[in-house]
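The values are calculated or read from the model by the stated rules, or taken from the named source; none is laboratory data. Everything numeric in this text was worked out from a predicted model, so none of it was measured. Positions of Cβ are generated from backbone atoms using ideal geometry, with glycine treated the same way; all protein chains shown enter the neighbour counts.
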């Protein structure tokens with residue numbers, strides 16, 4: 001477990017998390033690997049895990065305007081995948097596919113919810129961090145949907161999207 005705890009401590013998503021909370025999270029963690037193009041999860045399925053990406057790339061996909069598998073964002077090392085385990089009805093809002101061989105640490109979402117209820121300090125830390133992830137996904141979905149609906153030419157100048165990272 002010390003190896004997992006060390007790996008988690010190095011992941012940007014958990015940067016600055018105190019040792020007690022890091023130990024609680026490490027107890028719920030396991031290593032996962034995914035082959036290129038392997039589906040990690042499907043939109044609408046029960047949300048049981050989240051993933052801290054160590055290596056590789058993952059495409060987040062959704063159904064948009066009747067089209068399946070529209071990639072709205074690509075995540076890489078140091079990013080987090082999956083937030084639906086946190087809020088009812090605990091169903092996945094997006095699908096995810098490994099774009100290349102990917103290594104991640106999976107966190108048991110149900111067990112983490114229970115720990116967060118038991119330890120409100122841990123729950124607050126997780127909520128702050130995952131709230132940023134939720135905002136990022138919503139912004140990416142909005143940006144992608146605008147590409148389908150905006151009649152303005154692609155060359156028109158726009159403000160770039162800025163994706164937030166959790167801070168200490």
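Is it the case that some residue within the range 60-71 is buried (at least 17 other Cβ atoms within 10 Å of the Cβ), modelled with pLDDT of 95 or more and outside any loop (DSSP other than H, G, I, E, B)?
There is no residue in the range 60-71 that is buried (at least 17 other Cβ atoms within 10 Å of the Cβ), modelled with pLDDT of 95 or more and outside any loop (DSSP other than H, G, I, E, B).
Does the range 111-127 hold any residues that are surrounded by 14 or more Cβ atoms within 10 Å (Cβ to Cβ) and in contact (Cβ under 8 Å) with a residue 60 or more places away in the chain, and which are they?
111, 112, 115, 119, 122, 125, listed by residue number.
Which of the following residues is closer than 18 Å to residue 11 by Cβ and in a helix (DSSP H, G or I): 110, 128?
128
Please go through the range 72-91 and give me each residue that is touching a residue at least 40 places away in the same chain (Cβ under 8 Å), surrounded by fewer than 20 Cβ atoms within 10 Å (Cβ to Cβ) and within 12 Å of the chain's Cα centre (by Cα), ordered by number.
78
Look at residue 97 and say whether it is under 19 Å from residue 20 (Cα atoms), outside any loop (DSSP other than H, G, I, E, B) and in contact (Cβ under 8 Å) with a residue 60 or more places away in the chain.
In short, no.
When you scan the range 20-37, do you find a residue that is in contact (Cβ under 8 Å) with a residue 60 or more places away in the chain, within 12 Å of the chain's Cα centre (by Cα) and not in a strand (DSSP E or B), even just one?
no
How many residues does the range 38-59 contain that are touching a residue at least 60 places away in the same chain (Cβ under 8 Å) and surrounded by fewer than 18 Cβ atoms within 10 Å (Cβ to Cβ)?
Count: 2.
Quick check on residue 104: is it out of contact with any helix residue (DSSP H, G or I) (no Cβ under 9 Å at 6 or more places or on another chain), modelled with pLDDT of 95 or more, farther than 24 Å from residue 5 by Cα and buried (at least 21 other Cβ atoms within 10 Å of the Cβ)?
no
Can you name the residue in the range 3-19 that is exposed (fewer than 14 other Cβ atoms within 10 Å of the Cβ) and part of a loop (DSSP other than H, G, I, E, B) and is also modelled with the lowest pLDDT among such residues?
Selected residue: 16.
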